[in-house]
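For reference, the structure discussed in these notes is given below.
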Amino acid sequence: MRIIDLQTADADLQTQAAQLLHDEFNQAKWDYSWPTLDEAQDEIREMCDPERLCYAAIDADGRVIGWIGAIPQYNGNVWELHPLVVAPKVRGQGIGRALVHYLEDQVRGRGGITMILGSDDQDQMTSLGGVDLYPNVWEHIANIRNLKGHPYEFYQKLGYVIVGVYPDANGLGKPDIFLAKRMSSIDKEG
């Protein structure tokens, strides 16, 4: 596997990346994200904006097997990891981990301090989904359980921590879980 800059890749690789995004979010029953190939191609075009970052994992046959992007916020101090997708046939082989680490290195190189991401729970994959998180939102977060393989635990293994949640972000009982990771250390003076 090798990682390439998707922004400068040829149109075929960008189309493969769009197809992967569309297929995987819809096969996972998440048809609310990029439900058409045209919408997935629009996402690729947006991610190819020079202000953003966008990288693809390519297999030995030159096929896109995963890709990741990031969007700068707060004058480049914070970057939002968006999106990350890996083909099912290579999941569990370190492709997602490699893409995240590569992206983090690129963000650090641009002076980024923090990486953030949101991970929706629209299908009651965690103990936060399908319940009323009010009034004790933090209690619910502190006691979160992964019920159906939600990706928040993947990010936790990479050093990300849950920093909050938007209850009902996607409708009643459908929160967005927010995770973050510091990209550099705090130097203490004196």
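The numbers here are math on the coordinates, done by the rules we state, and not lab data. Not measured: the values here are computed from a predicted model. Cβ sites come from the backbone with ideal geometry, for glycine too, and all protein chains shown count toward neighbours.
Number of residues in segment 164-181 that are at positive phi and in contact (Cβ under 8 Å) with a residue 40 or more places away in the chain: the value is 2. Identify all residues within segment 1-23 that are among the hydroxyl-bearing types (Ser, Thr, Tyr) and out of contact with any helix residue (DSSP H, G or I) (no Cβ under 8 Å at 6 or more places or on another chain); write none if there are none. THR8 - this is the single residue of segment 1-23 that is among the hydroxyl-bearing types (Ser, Thr, Tyr) and out of contact with any helix residue (DSSP H, G or I) (no Cβ under 8 Å at 6 or more places or on another chain). Considering only residues in segment 89-140 that are of a type in the set (Asp, Glu) and surrounded by 15 or more Cβ atoms within 10 Å (Cβ to Cβ), the one that is farthest from ILE3 (Cα to Cα) turns out to be ASP123.
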